[in-house]
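Some notes on the structure that comes next.
Please treat every number below as a calculation from the coordinates, not as lab data. Given the structure is predicted, the values throughout are model-derived calculations rather than measurements. A quick note on method: Cβ atoms are made from the backbone with ideal geometry, for glycine too, and the neighbour counts reach across all protein chains shown.
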Amino acid sequence: MSQIVLSKDTASPPDPRDLNAWKGVWVISEPAQGEFPAVTAELLSKGRELSDRLGVDLACVLLGHGLPEDQIQDAVSRGADRVLVLDHPELADFRDQVYGDVIAALARLDRPEIILAPSTTTGRAYIPRVATMLETGLTADCMGLDINENNVLVQTRPTFGGNLMAGIVCPAHRPQMATVRPHVLKPLPEDRSRKGSITRYEPGQDLLSSGIRVLESIHEEIQGPDICQSDVVVTIGRGVESEEYVNMAQELASLLGGCIGATRPVVDAGWASENFQIGQTGVTISPKLYIGLGVSGAIHHTVGIRASEIIVAVNKDPNAPIFDMATYGIVGDVKQILPLLIKSIKERRC
């Protein structure tokens, strides 16, 4: 394993318009000190697909301090050909200026044609800085990625208030940069037989200086079940019409070993916590079973459920958009069908 000192002067800035000067695909990992981040595994799956299509290698960039060797090897087993490791005490605490400067310096040296990063709190904070420093474009909160006939990255994301899905390209500049929401992609199975190279970088002090000093990090404890990790999500839509049926939906979710979700109108009405809001302004989920009760299927909600394995929709409007993507659909009044579902499940368990 080699080690390279990285600074602002390590490499001269390449021309972002010189398309031939950039090659390869990067996935920047979500910072983590323990287990390999799930969102990074998801991105590596798509990165592997894109790099194979382009005939280039896939690199995973890991930043932090005291990074476990197992985590570095996890990147290879999840699809990376190369792992670029930046391990330094000054990277232990996230600071957007430092992370942005370090990533931009490394990109100038390694010159990837595509950079993918998670659309998380940290990713959204520093990736725009990287794009600005590299003088290129960035598409945030992507729901899909593909390669077109010209070998250009097509980045799909909601637009016009979530009413349309737009395919965005950056044909004249490199790198092409995108952030992707968690739980949109499916990770590859681990393959411990895979081999990959590991390169360690030592970030110079000129990249680590910042006017921000982290005094303390406090991890918020989420109350109740984690909707993003639940295998079953029973979602309440506007068609439920009454808080009484919200409680019944919670009962159904409990019977199925899952948790409730909600559309934005339900959260705005105060019937459910914003922690359970699904969609463009909420979370993205990938449960084995999604049940939508009175959910119309507006795109700003459905962008958050596309990765669900099975979608069951209950709505009295036979033309509701949710039925276009549902695995199973029930046309009927939620207020009548929900009690029958609960009763049927209870009877089967007696």
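Nearest-5 percent of antiparallel DSSP beta bridges in the chain? Of those bridges, close to 15 percent are antiparallel.
Working from label points 7 Å from Cα in the Cα-to-Cβ sense, the Lys186 to Thr199 distance is 3.3 nm.
What is the antiparallel percent of DSSP beta bridges lying wholly in the stretch 2-208, to the nearest 5?
Beta bridges within the stretch 2-208, antiparallel portion: roughly 20 percent.
With coordinates expressed along the principal axes, the C-alpha atoms belonging to the chain extend over 68, 45, 42 Å, beginning with the largest.
In this label model, Ala172 and Asp18 are separated by 1.9 nm, measuring between points 7 Å along each Cα→Cβ vector. Pairs of alpha carbons in the stretch 118-228 separated by more than 24 Å make up 49% of all such pairs.
Within the stretch 1-97, all pairs of alpha-carbon atoms sorted by distance into 10 Å bins from zero give the percentages 14, 42, 36, 8.
One compactness figure for the stretch 153-290 is 1.46, namely its Cα radius of gyration divided by 2.2 N^0.38 Å.
Rg and Dmax of the stretch 14-61, based on Cα coordinates, read 12.8, 39 Å.
When you have a sec, figure out the Kirkwood radius of the stretch 227-348 from all distinct Cα pair distances and drop it here in Å to one decimal? Please report the intermediate quantities before stating the final value.
Details: mean 1/r = 0.0726 Å⁻¹.
Taking the inverse mean of 1/r over all distinct Cα pairs, the stretch 227-348 comes out at 13.8 Å.
Between Asp206 and Glu69, the FRET efficiency estimated from the beta carbon spacing at R0 = 25 angstrom works out to 0.30. Pairs of Cα atoms nearer than 8 Å and 6+ residues apart set the relative contact order; for the stretch 58-104 it is 45 percent. Relative to the current alpha-carbon distance between Met165 and Lys288, full extension at 0.36 nm per residue lengthens the span by 41.9 nm.
Note on Met325 and Ile345: the extension gain reaches 4.7 nm, defined as 0.36 nm multiplied by sequence separation minus the Cα-Cα distance. For Ala269 and Asp57, the difference between the fully extended length at 0.36 nm per residue and the C-alpha to C-alpha distance is 71.4 nm. Close Lys pairs in the chain (alpha-carbon distance under 25 Å; sequence gap of 8 or more, or different chains): 18.
This ranking places Lys46, Lys346 by how few other beta-carbon atoms lie within 10 Å of each, fewest first, which gives Lys346, Lys46. Taking Cβ atoms as reference points and 13 Å as the exclusive limit, the residues near Arg108 contribute a net charge of -3, counting Lys and Arg as +1 and Asp and Glu as -1.
Shown for the stretch 2-208 is the translational diffusion coefficient from the Stokes-Einstein equation, using the Kirkwood radius over Cα pairs, a temperature of 25 °C and a viscosity of 0.890 mPa s: 145 µm²/s.
Shape summary: the stretch 72-169 maps onto an equivalent ellipsoid whose semi-axes, from the alpha-carbon gyration tensor, are 25, 17, 14 Å in decreasing order.
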